[in-house]
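Nothing in this text is a laboratory measurement; each read-out follows from the coordinates by a stated rule. Keep in mind that this is a model prediction, so the values were computed, not measured. Backbone-built Cβ (ideal geometry, glycine too); neighbour counts: all protein chains shown.
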Amino acid sequence: MPPRFLVDVGVGKAVEEWLRIQKYDVLAVRDLDPRMSDNDILSLAVREQRLVVTMDKDFGALVYHSRQPHTGVLLLRLEDAPSDEKVAVVQKIIAGYADKLPDHFCVYQNSRLRIRSAITTL
């Protein structure tokens, strides 16, 4: 089953639109509540089994320090990157790793993707 996405505001509309054009199931935080808290974003993603795509490093603290349950996070460390670069990176990641993203905390930085095991609490 292809991943379903919840795209955080900072990632940008171009990535949201590209995912939709590719026929992925996408929710955009900007369309729901642009001021939604990170905790609420993770909770919504868990309820709907979605992978969070974000540029917000606070998600690492929520997942690893607070042990907030999640169904996958893709953290893009692309500060100041133009929209077309973000789209190209997401396209490359999905093409090569779509099946490995769900339930993992993934960080893209300096042309490298790190995929870490999920940490969940019961």
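Observations on the structure shown:
- Each of ILE21, ILE41, ILE115, ILE93 was scored by other Cβ atoms within 10 Å of its Cβ. Arranged with the fewest first, they read ILE21, ILE115, ILE93, ILE41.
- The per residue volume of the convex hull around the alpha-carbon atoms of the chain is 100 Å³.
- Distance between the 7 Å Cα→Cβ label points at ARG112 and SER43: 3.6 nm.
- For segment 7-122, a crude dipole built from +1 on the beta carbon of Lys and Arg and -1 on the beta carbon of Asp and Glu, taken about the Cα centre, is about 380 debye to the nearest 20.
- Ellipticity estimate at 222 nm from DSSP helix runs (n ≥ 4, -39,500 (n - 2.57)) divided over the chain, nearest 500: -9500 deg cm²/dmol
- Under 17 Å, Cα to Cα: Lys pairs in the chain, sequence gap 8 or more or different chains: 5
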